[in-house]
Amino acid sequence: MADDILPYGRQWIDDDDIAAVVEALRGAYLTTGPTVGQFEAVLAQAVGAKRAVAVCNGTAALHAACAVAGLGPGDEVLVPAITFLASANCARYVGAEPVFVDVDPRSGLIDVEHAAAQITKQTKAIIAVHLNGHTADLARVRALADAHGLIVIEDAAHALGARYRDSQIGDCRYSDMATFSFHPVKHITTGEGGAITTSKPELAAALEVFRSHGMVRDASQLRHPSPGPWYYEQQTLGYNYRITDVQCALGLSQMRKLDAFLARRRELVARYDRLFESVAGVEPAASGGADTVGAYHLYAVHIDFAGAGLTRAAVMAGLREHGVLTQVHYIPVPAQPYYADRGADVQRFPGALAYYEGILSLPLYPAMRDEDADRVVEALARVLGGR
Ligand SMILES: *Cc1c(COP(=O)(O)O)cnc(C)c1O
């Protein structure tokens, strides 16, 4: 990408990363070797979880979490109306039904009161999404889950490095499992990649089996006596959701830079916040409040498009002319034809509709310079001012 074009997000790959990948390519393993376990150990330690299980992408991580949670046909899973499709689709993969929950119109985070109102006898789980890297109100989510015997899965694809009260996102203090994505726009990348963290060893063991066809080799887990070293059993249905040593070599190298990446994201956010104070009609999306330290996967702002007399499409096109690429995160999921066909009605989610109406994600990634952020603010002020 040309230097003067600012995408909404992008990876930062340096010579250390490249050397790590080349070394993995020269090694004995291309698929599952020792680097997968090393990456998992580093990730688990970084987020304060007992275990991490790495898989081929963040969507597979969500599918695996739903599967080992025992969700299936007839079960309902609460999912916020503003999130990426995968947070809802994972329920469908196991035959369960996502039941959408409204969000706070300023932060886009799950409205826990609305979640409580959606609970039925079929409700088995709640997926809390840490939108933009701000944290959902996990203590209230946990209390609701405890009151109704629900499983809590955090979709933490936006939140590697975020904190909620005394907890690091991924340590699962308030949840059963948390899932991450290592897609290139996320905090660290493995190309495609994902992981589930948990503090329950039995869930970690089930996740490992699910990731590789449902195959069990561990002698203590076999149902029949083992006739020899080739023997394995498939006791449950699994998939090939493995990640490779090559990818994990990149992931390990990237993890060394996570703290620096996060610090730079936070600096840029502070700069944006300060600069936007003097731009009328632009307001940063709200955080989760005093309980949360954001990890800022995205820098989303609410824009008063009507006040500026412009459509969102016109503002995006105007910004593009200034070399500033933006994106919308997200179209409310219940508005998707697939979910509308299954009975979802987006009009029942006024918070999600209000959030969606003015939201726009501006460029944010650690390789951005201060001048780049200044340019984004200047460009948006000009476009909204009709200049
Ligand atoms: C990126 C993302 C995912 C899916 O991750 P992939 O690695 O792209 O499959 C899931 N949920 C959210 C909120 C995401 O942003």
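The values are calculated or read from the model by the stated rules, or taken from the named source; none is laboratory data. Predicted, not measured: the structure shown is a model, and the values here were computed from it. Ideal geometry is used to build each Cβ from the backbone, glycine not excepted, and the neighbour counts take in all protein chains shown. The accessibility values were calculated without ligands, DNA or RNA, using every heavy atom of the protein model including side chains. Shrake-Rupley method; radii C 1.70, N 1.55, O 1.52, S 1.80 Å.
At a glance:
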quantity	calculated
Nearest 10 degrees, 0 to 90: helix 370-384 Cα axis against the chain principal axis	60 degrees
Computed helical MRE - 222 nm, the chain, DSSP H runs ≥ 4 contributing -39500 (n - 2.57), nearest 500	-11000 deg cm²/dmol
Rounded accessible area of Cys66 (nearest 10 Å², 1.4 Å probe)	0 Å²
Derived scalar couplings ³J(HN,Hα) [segment 205-213; Karplus, 6.51 cos²θ - 1.76 cosθ + 1.60; whole Hz; x for Gly, Pro]	5, 5, 5, 5, 5, 4, 5, 9, 6
Prolate/oblate/rounded call for segment 46-165, Cα gyration tensor, a/c under 1.5 rounded	rounded
Linear extension gain, Asp259 paired with Thr311, 0.36 nm per residue minus alpha-carbon span	14.9 nm
Compactness of segment 199-256 as Cα Rg over 2.2 N^0.38 Å, two decimals	1.40
Estimated FRET transfer efficiency (Glu267, Ile331; beta-carbon r; R0 41 Å; 0.05)	0.85
0 to 90° range, to nearest 10: angle between helix 58-68 axis and the chain longest Cα axis	50 degrees
Alpha-carbon centroid distance for the pair segment 201-257 / segment 95-122, whole angstrom	33 Å
Accessible-area composition of the chain, carbon plus sulfur, in percent [1.4 Å probe]	52 percent
Percent of alpha-carbon pairs separated by more than 32 Å within the chain	35 percent
Label-point separation in nm, Ser278 to Glu371, each point 7 Å along Cα→Cβ	2.0 nm
Sites Ile5 and Tyr232 - FRET efficiency at Förster radius 41 Å, r taken between beta-carbons, to 0.05	0.25
Cα shape, segment 1-96, gyration tensor, a/c 1.5 rule	oblate
Length added when fully stretched, Arg382-Asp304, from 0.36 nm per residue minus Cα-Cα	26.7 nm
Candidates Gln336, Gln221, Gln38: whichever shows maximal mean-square fluctuation once the chain is modelled as a Gaussian network with Cα springs under 10 Å	Gln221
Accessible surface, the chain, averaged per residue in Å² (probe 1.4 Å)	43 Å²
Counting DSSP beta bridges with both ends in the chain, the antiparallel % (nearest 5)	60 percent
Distance histogram in 5 Å bins (all Cα pairs of segment 250-331, percent per bin)	3, 11, 17, 23, 19, 13, 9, 4, 2, 0
Inverse mean reciprocal Cα-Cα distance (Kirkwood Rh) of segment 256-387, Å	16.1 Å
Separation in nanometres of the label points that stand 7 Å from Cα toward Cβ, at Leu85 and Asp291	3.2 nm
Of Asp171, Asp17, Asp111, the one that fluctuates the most in a GNM where the chain has Cα springs shorter than 10 Å	Asp17
Cα centroid separation - segment 134-148 against segment 23-56, whole Å	30 Å
Whether segment 125-278 is rounded, prolate or oblate, judged on the alpha carbon gyration tensor where a/c under 1.5 counts as rounded	oblate
Backbone HN-Hα couplings from phi across segment 355-362 [Karplus 6.51/-1.76/1.60, Hz, Gly and Pro as x]	4, 5, 3, x, 7, 8, 8, 9
Folded to 0 to 90 degrees: helix 258-276 orientation relative to the chain principal axis, Cα	20 degrees
